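The values are calculated or read from the model by the stated rules, or taken from the named source; none is laboratory data. What you see is a predicted model, and the numbers here were worked out from it, not measured in a lab. FYI the Cβ positions are ideal-geometry reconstructions off the backbone, even for glycines, and counts take in every protein chain you see.
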Amino acid sequence: MTSARNIYSLFVSALSGLVLLSHAGITQAHATPSNAALVDEARAFIETLSADAIGVLEDGSLNDEAREKAFRMLLARNFDLNYIARFTLGRNARTATKAEVSAYHSLFDDYVIQAYASRLTAYAGEKINVRNARTAGTKDILVTTEIKNPDSGQAFLAEWRVRPRGPVFRVIDIKIEGISMVITQREEFSAIIKRKGMNGLIKTLEDRTGQTADYDTLTSAQLQ
């Protein structure tokens with residue numbers, strides 16, 4: 001069974017691999033005239049994300065701390081962290097108090113950003129080939145990519161689920177070789193809650209982020 005640590009490492013390679021996405025072509029799989037425009041817009045969103053990542057990685061004036069900060073902003077701007085937070089908490093939100101849910105949300109963004117952005121500085125020139133882009137249901141676009149390490153030659157598939165949010169797009173999940181990042185995260189959080197309760201999860205997130213939970217800032221969007 002693939003460990004969460006290995007999945008996170010593959011996720012970092014996938015996100016790092018986006019830096020070459022703007023140089024690859026996308027095949028629209030199963031796109032009809034009614035949804036082809038949406039697929040094109042999702043592609044443009046990914047290409048913009050790619051260009052931003054290229055700028056960060058190729059900026060020789062940035063030290064590791066500044067580069068990590070830039071990637072934090074990249075993740076926060078292009079990933080729907082609020083949706084991911086709600087999904088990963090899942091049914092546990094029903095039994096948690098409003099204050100506990102507030103505390104969880106106050107820590108989640110920092111947890112995700114710290115968990116991944118710190119590893120992005122280790123970009124190793126992964127090569128990416130876009131296999132296809134297609135609609136998924138009525139809301140989402142899936143962009144499937146093959147990412148290859150130039151040193152080892154090892155390749156893996158990453159499927160990016162992109163969802164429109166008003167006039168913009170946001171990444172809501174990534175599947176690495178068929179394994180969903182958000183489901184993997186939800187399973188890890190559920191296991192912690194089962195052992196230690198909701199307060200145990202909050203304490204775990206505080207320890208991992210070095211932040212103190214805020215029990216009074218829950219917004220209506222976080223409850224949706």
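May I ask you to list the residues in segment 49-90 that are surrounded by fewer than 16 Cβ atoms within 10 Å (Cβ to Cβ) and either hydroxyl-bearing (S, T, Y) or part of a helix (DSSP H, G or I) (or both)?
A51, G55, E58, S61, D64, E65, A66, K69, M73, A76, R77
Quickly run through segment 91-106 and pick out the residues that are assigned to a helix (DSSP H, G or I) and touching a helix residue (DSSP H, G or I) at 6+ places or on another chain (Cβ under 7 Å).
N92, A93, E100, V101, A103, Y104, H105 - these are the residues of segment 91-106 that are assigned to a helix (DSSP H, G or I) and touching a helix residue (DSSP H, G or I) at 6+ places or on another chain (Cβ under 7 Å).
Take the residues in segment 94-104 that are surrounded by fewer than 19 Cβ atoms within 10 Å (Cβ to Cβ) and not polar (S, T, N, Q), then tell me which one is nearest to G200 (Cα to Cα).
Only one residue fits best here, namely A99.
List every residue pair whose Cβ atoms lie under 8 Å apart, where the two residues are 6 or more positions apart in sequence or sit on different chains, the first residue falls within segment 100-112 and is under 11 Å from L81 (Cα atoms), and the second residue, located anywhere, is of a type outside the set (A, V, I, L, M) and surrounded by 21 or more Cβ atoms within 10 Å (Cβ to Cβ).
Filtered contacts from segment 100-112: F108/T88; V112/F79.
Mind listing just one residue for me: the one in segment 26-44 that is part of a helix (DSSP H, G or I) and modelled with pLDDT under 80 and, of those, surrounded by the most Cβ atoms within 10 Å (Cβ to Cβ)? Give the derivation first.
Our first condition is that a residue be part of a helix (DSSP H, G or I); within segment 26-44, this holds for 36-44.
With the extra rule that they be modelled with pLDDT under 80, the set shrinks to 43-44.
Values: R43: 21, A44: 11.
Going through the qualifying residues, I end up with R43.
Select from segment 147-183 the residues that are crowded, with 21+ Cβ neighbours inside 10 Å and in a helix (DSSP H, G or I) and list them in ascending order.
Listed by number, the list holds a single entry, M181.
Can you tell me how many residues in segment 157-197 are in contact with a strand residue (DSSP E or B) (Cβ under 9 Å, 6 or more places away or on another chain), modelled with pLDDT of 90 or more and hydrophobic (A, V, I, L, M, F, W, C)?
6
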